[in-house]
Every structure is written in structure tokens, then in C-alpha cells.
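The values are calculated or read from the model by the stated rules, or taken from the named source; none is laboratory data. Just so we're clear, the structure is a prediction, and the values are computed from it rather than from any experiment. Cβ sites come from the backbone with ideal geometry, for glycine too, and all protein chains shown count toward neighbours. These accessible areas exclude ligands, DNA and RNA; they are computed on the full protein's heavy atoms, side chains included. Shrake-Rupley method; radii C 1.70, N 1.55, O 1.52, S 1.80 Å.
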Amino acid sequence: MNKTVIIQGSSKSNGNTNTVINYLNKNSDFDIIDLKTKNIGAFEYDFSNANDDFIPLMETIIDKYDTIIFATPVYWYSMSGTLKHFFDRLSDLLHYKKELGRKLRGKSMAMISNSGANDLKDGFTMPFIESANYLGMNYIGDTHAWFTEDGKEINIDAKAKIDDFRKSF
């Protein structure tokens, strides 16, 4: 299979995260899923959100892809709330959808973040790395992109990092 999907976890579908994704995917090798277009509720201990888009989306991701790249802006030194909801919902795969969750084992995960400057703080990648470890996935790396001072385009040094990152897939 060896197919890759980019999960866009931004609260703005056509913002800087999307610009970074489009640069990463300039050869259109990867599929893209924009979480902003999905109805995914917060994790609930009683699984009251079981009928939203999360489980069908995960079934598609697990069946179709070997590698998942999470793309997120940096909001308050962390992943976006949109992506955090998605990560919290992975708990569904550890409780009432265990068989589905077990199918993540052996798949690969990566992450690309972005902000206005080259200022990613230590520890930002920890939730991604540890989630991959916990789920039995292979964490294959990450990179951070930032924008020019005017905010209109990806910084040239960040583009070089994205180009290097892309070679992992």
C-alpha cells in the first residue's frame, strides 16, 4: 500500500498550515484530510460522540494509508485545539473500538508544524512521539516551518527543511 495522508489540524482551512501542506505536497503525492471539514466532537467517557465523523474517518485512514502526517499550527506552544480533539478521540480506539485501534500498529506517523517565526519550543513534538509509541506506530520525524517577516510566504530556510522532510516519504 505505502500511501501517505496529511491530516490538517488547523482552525482555518486556507491559512498558513494549508500553505505549508501545499508546499510539502507540491507533487500531489499525498492525500489531504482537513479536520475542519469534519464533525468530530470532544472525547467523552461515555462515548456519546460515537456517531460523529471520527470512527468512519479512522476506518478510512487505517484501511487506506500506511503513513499519517499531522500538520498543525503552533497555538499557545502546543498543537491546535482541532488536532488535540482528534488526538483525544484516539482514546475511542483504546476502549470500545480496540480492534480498529490495533490496526494502527506498524503504521508510521510524522508531524509538520508552523508558526510565524523559527521559534518552536522544546517539547512540542513529545505528544506526537509518545502517541506513536503508545499506539505501536513508527515515528519517522518532524519539521517546523515558518514564514517571512511579512507573513506572505514560507521562509526559504523553512522550505529547505520541508524539502528534506519530504524525502522521508
>> Residues to consider are E99, E149; find the one that is in a loop (DSSP other than H, G, I, E, B) and either among the acidic types (D, E) or free of Cβ contacts under 8 Å to residues at least 40 places away in the same chain (or both).
In response: E149
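Conditions tested, residue by residue: (1) of a type in the set (G, A, S); (2) touching a Leu at 6+ places or on another chain (Cβ under 9 Å); (3) surrounded by 15 or more Cβ atoms within 10 Å (Cβ to Cβ).
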| residue | (1), (2), (3) |
| --- | --- |
| D29 | no, no, no |
| T37 | no, no, no |
| P56 | no, no, no |
| L83 | no, yes, yes |
| F87 | no, no, yes |
>> I'd like to know if region 160-168 contains one or more residues that are aliphatic (A, V, I, L, M), over 24 Å from N22 (Cβ atoms), free of Cβ contacts under 8 Å to residues at least 24 places away in the same chain and exposed (fewer than 13 other Cβ atoms within 10 Å of the Cβ).
In response: no
>> Take the conditions without any contact (Cβ under 8 Å) to a residue 60 or more places away in the chain and either touching a strand residue (DSSP E or B) at 6+ places or on another chain (Cβ under 7 Å) or basic (K, R) (or both) and apply them to K38. Does it pass?
In response: yes
>> I'd like to check something: does region 114-126 contain any residue that is touching a Pro at 6+ places or on another chain (Cβ under 9 Å), surrounded by 17 or more Cβ atoms within 10 Å (Cβ to Cβ) and not in a loop (DSSP other than H, G, I, E, B)?
In response: yes
>> Against the conditions (1) touching a residue at least 40 places away in the same chain (Cβ under 8 Å); (2) open to solvent by 30 Å² or more (accessible area, probe 1.4 Å), where does G9 fall short? Just the number, please.
In response: (2)
>> Considering only residues that are among the hydrophobic types (A, V, I, L, M, F, W, C) and surrounded by fewer than 19 Cβ atoms within 10 Å (Cβ to Cβ), which ones fall in region 138-159?
In response: I140, I156
> If you go through region 39-52 one residue at a time, how many are surrounded by 13 or more Cβ atoms within 10 Å (Cβ to Cβ) and not charged (D, E, K, R)?
Replying inline: 6
